[in-house]
1. I'd like the full set of residues that are under 28 Å from A:CYS98 (Cβ atoms), open to solvent by less than 70 Å² (accessible area, probe 1.4 Å) and aliphatic (A, V, I, L, M), limited to the stretch A:1-39.
2. Looking at the stretch B:3-28, which of its residues are assigned to a helix (DSSP H, G or I), among the small types (Gly, Ala, Ser) and within 20 Å of B:ARG47 (Cβ to Cβ)?
3. Out of the stretch A:120-139, which residues are of a type in the set (A, V, I, L, M, F, W, C), facing chain B (nearest Cβ under 7 Å) and farther than 27 Å from B:ARG139 by Cβ?
4. Within the set of pairs 6 or more residues apart or between chains, which connect a residue that is on the phi > 0 side of the Ramachandran plot and within 10 Å of DNA strand D (Cβ to nearest atom) inside the stretch B:38-59 to a residue that is open to solvent by less than 70 Å² (accessible area, probe 1.4 Å) and of a type outside the set (A, V, I, L, M) with Cβ atoms less than 8 Å apart?
5. Scan the stretch B:40-63 for residues that are closer than 23 Å to B:SER5 by Cβ and open to solvent by 60 Å² or more (accessible area, probe 1.4 Å) and report the count.
6. Based on this model, can you work out whether A:LEU60 counts as within 16 Å of DNA strand C (Cβ to nearest atom) and either assigned by TED's automatic domain parsing to the domain that holds A:VAL27 or of a type outside the set (Asp, Glu) (or both)?
7. Examine the stretch A:130-139 for a residue that is open to solvent by less than 40 Å² (accessible area, probe 1.4 Å) and closer than 15 Å to B:VAL94 by Cα, and state whether such a residue exists.
8. Of the numbered conditions (1) open to solvent by less than 20 Å² (accessible area, probe 1.4 Å); (2) assigned by TED's automatic domain parsing to the domain that holds A:ARG16; (3) aromatic (Phe, Trp, Tyr), A:TYR81 fails exactly one; give the number of that condition.
Protein chains: 2
Amino acid sequence: MASDSVRSRILAAGQRITPQRDLVAEVLEQADRPLSAQELLAAVEARDRRIGRATVFRTLQSLQEAGIVQQVPRPGGQGGYLLCATSGHHHHLVCQRCGRVEDLPEEEVAAFVGAVARDHGFAVDHASFELSGTCAACR
Amino acid sequence: MASDSVRSRILAAGQRITPQRDLVAEVLEQADRPLSAQELLAAVEARDRRIGRATVFRTLQSLQEAGIVQQVPRPGGQGGYLLCATSGHHHHLVCQRCGRVEDLPEEEVAAFVGAVARDHGFAVDHASFELSGTCAACR
DNA sequence: CTCTTTTCTGAGACCAGGTATCATCTCGTT
DNA sequence: AACGAGATGATACCTGGTCTCAGAAAAGAG
């Protein structure tokens with residue numbers, strides 16, 4: 001079963017809690033790094049062989065809309081699905097060594113985004129900032 | 001035929017110039033916004049029906065390695081392939097209205113990336129910064 | 001210009017990731 | 001317990017992309 005905080009975030013987004021959603025959330029919660037579609041499907045199917053492909057992807061989409069899950073693209077490597085502790089919009093520092101992801105709160109980039117936007121006369125809807133490298137622990 | 005500057009960048013990367021590469025580069029050069037895989041395949045096949053799928057993707061990969069083409073991911077929408085005027089590493093401001101992409105040189109983000117990395121004890125290999133919104137012209 | 005080496009190409013099978021459809025089932029409420 | 005919106009699973013299908021391999025064709029050497 002997924003943690004209470006995740007379950008309440010699902011409810012807060014106006015979505016039902018079903019065994020399938022709970023399972024997907026739990027699998028992501030227990031992983032400490034982004035999971036690819038394949039890894040996720042495998043992990044979920046290992047626990048409930050009857051779960052449908054479409055359901056898993058639909059669930060991922062709902063969880064993304066609820067801001068619980070993010071899809072992290074990675075230049076070169078394959079991205080994945082990540083259950084984020086931080087609930088608002090935020091950014092990521094991805095360690096290429098251990099795979100762990102550190103959240104970078106929006107506040108830490110807001111001023112910079114604003115400055116760039118001003119300089120270019122650009123009205124920003126969405127900013128995405130991703131760093132990949134080696135985390136403090138792995139160095 | 002693609003522009004001389006693009007052709008010389010292909011050569012500089014130690015790659016041969018073939019009619020197929022030239023064609024892919026030309027199609028991208030003539031588009032002023034990122035093209036999806038489908039659009040690109042269609043545009044390329046419209047000019048040379050005999051060109052192979054694999055060749056187009058291989059070419060895209062070579063051009064990416066040569067820093068001539070970038071693959072821009074887009075949150076929500078589908079990303080695409082973009083021929084970049086700027087040759088070094090850089091970032092993008094993508095207009096959701098007209099689709100045009102403005103380059104943001106690495107220098108404009110380097111200091112910020114450095115500061116974030118320092119604060120988090122993170123050694124940065126690669127930084128990706130993408131803004132989407134509305135460009136000055138469309139506003 | 002022709003030879004040689006190296007690289008590239010095209011066809012087609014294959015794979016990953018994801019969407020569409022639709023009949024059936026179940027959650028949360030009354 | 002009954003109901004209706006919403007979720008599910010099976011399956012077919014789609015996009016984007018990779019792999020293989022025999023044959024073709026660049027670019028440099030003679």
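1. A:ALA2, A:VAL6, A:LEU23, A:VAL24, A:ALA25, A:VAL27, A:LEU28, A:ALA31, A:LEU35, A:ALA37 - these are the residues of the stretch A:1-39 that are under 28 Å from A:CYS98 (Cβ atoms), open to solvent by less than 70 Å² (accessible area, probe 1.4 Å) and aliphatic (A, V, I, L, M).
2. Once the filter is applied, which keeps residues that are assigned to a helix (DSSP H, G or I), among the small types (Gly, Ala, Ser) and within 20 Å of B:ARG47 (Cβ to Cβ), the stretch B:3-28 yields only B:ALA25.
3. Scanning the stretch A:120-139 gives A:LEU131, A:CYS135, A:ALA136.
4. Here the result reads none, with nothing in the stretch B:38-59 linked to a residue that is open to solvent by less than 70 Å² (accessible area, probe 1.4 Å) and of a type outside the set (A, V, I, L, M).
5. Number of matching residues: 3.
6. In short, yes.
7. Among the residues of the stretch A:130-139, not one is open to solvent by less than 40 Å² (accessible area, probe 1.4 Å) and closer than 15 Å to B:VAL94 by Cα, which makes the answer no.
8. It is condition (1) that A:TYR81 fails.
The values are calculated or read from the model by the stated rules, or taken from the named source; none is laboratory data. The structure presented is a predicted model; accordingly, all values stated were derived computationally and were not measured. When we count neighbours, we look across all protein chains shown, and the Cβ atoms used for this are built from the backbone with ideal geometry, even at glycine. The accessibility values were calculated without ligands, DNA or RNA, using every heavy atom of the protein model including side chains. Shrake-Rupley method; radii C 1.70, N 1.55, O 1.52, S 1.80 Å.
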